[in-house]
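The values are calculated or read from the model by the stated rules, or taken from the named source; none is laboratory data. Every value quoted in this text rests on a predicted model; they were computed, and no experiment measured them. Reconstructed Cβ throughout: ideal geometry from the backbone, glycine too, with neighbour counts over all protein chains shown. Side chains are part of the model used for accessible areas, which takes the heavy atoms of the whole protein and leaves out ligands, DNA and RNA. Shrake-Rupley method; radii C 1.70, N 1.55, O 1.52, S 1.80 Å.
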Amino acid sequence: MGLKHAGIATTIIAGVGLFAIDASAQYGQPPPPGYGQPPPPGYQQQPPPQGYQQPPPPGYQQQPQGYNQGYGGAPPPPPPKKSSGSDFEIEGWAVRLDPLNWLLQGRLGISGDIALTEWFSVEVMPVFVVNSTPPAFNLRGREDTLSQEGNFIGAMSEINIAPSFWLEAPLEGYVLRGIYTHAAYSYKAEDGNGQFDAVDEKSDKLTFFFGSYGKYGPVTIGGGLGIGTYLGSQERCPDDAGGVKTSGCDGELNIAIDRQGNYADIHPSFYPIDISGRIEFGVVFN
């Protein structure tokens, strides 16, 4: 029995030895003494030194700026709008010419229109006499003896100021204007023997104007119609004594057109009502 037990014990010891050898072959050297034991009491992990940055893991590559703009990523927000240092900024401006009245009446209007908001602008339009004997004089039955000159500032004969209300977009689409006009003209009648009559006209007028303007890149084309009324009444007509009078003339402002005593009325046909029109072109920026 003793030998039998001793053999069994030897066999067990040999098996355990072989298992230890096999485990050592698979996992390397046995851990050092104390491996896996908890840290001693009072141990604290030291923080990294100041300025230390943990290195990225192997294979990490920093993505370039704007990487997420591609597929599956939202685009970055737009850069902030540059400020001009003031909360007020105009919405645009336009410069236009009026060739219709230039050709027919010899009066060239040049308008400057500044949009202060998306729906409101202020137009300032001086008018210059560029033809002293325009076709409109003969179209109304007047003789070639009549001529006109600006009598305001130099060749300037009128100044128009118009607060304007845009119904669609600034300086584009339909517009409503309230126009105040101050005008000063000098009319002369002369023939081969010289001047035989002259009239100075100064007037103020309020006009309601409705127009429409298209925009084609920087080019703008448009126009409209205006209905106005003169403020005050300047009159002149011949009297029975062969002279002239300045009252009781039914609103007419007459000037002699020949030396035989024939006169023509300078005022429009429906005075004190005035019907006017514009066809304009120019440039616009907004």
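The percentage of C-alpha pairs in the range 131-286 whose separation is greater than 23 Å is 48%. Surface composition of the range 169-213: carbon and sulfur atoms hold 52% of the protein heavy-atom accessible area at a 1.4 Å probe.
Just to verify a number: FRET efficiency for Leu225 and Ile153, C-beta to C-beta distance, R0 = 30 Å, to 0.05? The computed FRET efficiency comes out at 0.60.
Here the calculated FRET efficiency for Leu206 and Glu89, from their Cβ-Cβ distance with R0 = 35 Å, stands at 0.70, rounded to the nearest 0.05. At a Förster radius of 41 Å, what calculated FRET efficiency corresponds to the Cβ-Cβ distance of Asp239 and Phe120, to the nearest 0.05? Taking R0 as 41 Å, the efficiency between Asp239 and Phe120 is 0.25.
The stretch between Glu190 and Asp250 holds 19.0 nm of extra length on full extension. This uses 0.36 nm per residue minus the Cα-Cα distance. Panel note: the C-alpha atoms of the range 182-235, placed on their principal axes, show extents of 54, 30, 14 Å (largest first). Legend: P(r) of the range 238-286 from all alpha carbon pair distances, 5 Å bins from 0, whole percents, reading 4, 15, 20, 16, 11, 8, 7, 6, 5, 4, 2, 1, 0.
Computed extension length for Ile279-Ile110: 59.6 nm, one decimal, from 0.36 nm per residue of separation with the Cα-Cα distance subtracted. Considering only the Cα atoms of the range 218-264, their convex hull presents on average a projected area of 6.3 nm².
Label sites at Val130 and Asp258, each approximated as a point 7 angstrom past Cα along Cα to Cβ, lie 3.3 nm apart.
Across the range 263-276, coupling constants 3J(HN,Hα) worked out from phi with the 6.51/-1.76/1.60 Karplus curve, θ = phi - 60°, read 10, 10, 8, 6, 5, x, 4, 9, 3, x, 7, 10, 10, 10 Hz, and Gly and Pro carry x. 3J(HN,Hα) couplings calculated from phi for the range 240-250 with the Karplus curve 6.51 cos²θ - 1.76 cosθ + 1.60 (θ = phi - 60°) are, in sequence order, 6, 8, x, x, 10, 10, 10, 8, x, 10, 6 Hz; Gly and Pro show x. Surface exposure of the range 133-286, expressed per residue as accessible area with a 1.4 Å probe, stands at 51 Å².
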